[in-house]
1. Quote the FRET efficiency, to the nearest 0.05, computed for ALA45 versus GLN106 with a Förster distance R0 of 25 Å and r equal to the Cβ-Cβ distance.
2. Express in nm, to one decimal, how much length is gained between SER220 and GLU75 on full extension, taking 0.36 nm for each residue of separation and deducting their alpha carbon distance.
3. What FRET efficiency do you get for LYS210 and ASP90 if R0 is 45 Å and r is their Cβ-Cβ distance, rounded to the nearest 0.05?
4. How far apart, in nanometres, would the label points at SER257 and TYR134 be if each is projected 7 angstrom from Cα along the Cα-to-Cβ direction?
5. Relative to the longest principal Cα axis of the chain, at what angle does helix 221-234 sit, 0 to 90 degrees, rounded to 10?
6. When we measure straight from the Cα of LYS210, which lysines land under 16 angstrom away, once same-chain ones fewer than 8 places off are left out?
7. Can you pull the one-decimal nm distance between simple spin-label points at GLU52 and VAL67, each 7 Å off the Cα toward Cβ?
8. LYS271: which lysines have alpha carbons under 25 Å from its alpha carbon, excluding same-chain residues fewer than 8 sequence positions away?
Amino acid sequence: MKIQKGRVRARTIISCAIALLCIAGIGYSGFKIIEWKIDSNKTAAQTEQINELTKIDEVEDDDNTEVIASDEGEESLYRKFIKMSLIDVDYSELRKINNEVAGWVQVKGTNINYPFVSSGNNDYYLTHSFDKSYSRAGWVFSDFRNKLDGTDKNTILYAHGRYDETMFGTLRNILSSGWLNNSDNFIVRTSNASENALWQVFSVYKIPTKNDYIQTDFSSDDSFKSFADMLKNRSAHDFQTSVSGTDRILTLSTCYSKNERVVLHAKLIKKSTK
């Protein structure tokens, strides 16, 4: 009888422990949902404020505009894209909020239309919003190794892949047939203190987390060409776009899942120096 009572008591204790663990799990999940929602609301408010304060002009080619030479044929998308206008952004009001604002990026076929920031590391803006307040939604930021002065061979931008489709949440669109079947999407526009620029997409892919595509320094044009060829060969789509050793490229990277990244690469095809 004592053995039976002991077993009943043990089962009761175990059941209570399991119940407590379940309650704790539910409580933690609820807390994380609330935290995510708060961050989402904060990001939406920041974005609305930024859009109200920022003047973005479409600018036509002038004496400061340079079209980057390419061997693309007359019927290529390159010939079509170089006729597109650049954007020029007035950062005067944004600098009052954050003096680390470094540029603006727009990606066709996505919600990506944000200012990006630059700091001395690649960690701070993973957990801070544009106004530097704490937020796990973070903000769009450039790799700390980039100079953003027109000399970077590989300019890299990062942001969280948010499921509310803010930050780089819609970068995953680039892997969908809808995005890939519309060639109008294959263009990225940026603006920073040194230049306004137009970039043509040449590679998109999903990949297990690794760092071989975020190299910024190259020993020679041949070294860069080998790097660019690796990125092209990795692409989930053939954009029929060449990249030479003298080109400059733009890289956008975000999380796709816990252990995967989604990445876009584009080459510079037109710029206007400020």
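1. Numbers: r = 21 Å, r/R0 = 0.83.
After rounding to 0.05, the efficiency reads 0.75.
2. Values: separation 145, 0.36 × 145 = 52.20 nm, distance 3.11 nm.
Full-extension gain reported as 49.1 nm.
3. Numbers: r = 38 Å, r/R0 = 0.84.
Calculated value: 0.75.
4. Going from the SER257 label point to the TYR134 one covers 3.1 nm.
5. 50
6. Hits, sequence-local ones excluded: LYS258.
7. 4.2
8. Within the straight-line cut-off, LYS271 pairs with LYS55, LYS80, LYS83, LYS108, LYS147, LYS153, LYS225, LYS232.
Each reported figure results from applying straightforward, stated rules to the coordinates on display, with no laboratory input. All figures in this text were calculated on a predicted structure; none of them were measured in a lab. When we count neighbours, we look across all protein chains shown, and the Cβ atoms used for this are built from the backbone with ideal geometry, even at glycine.
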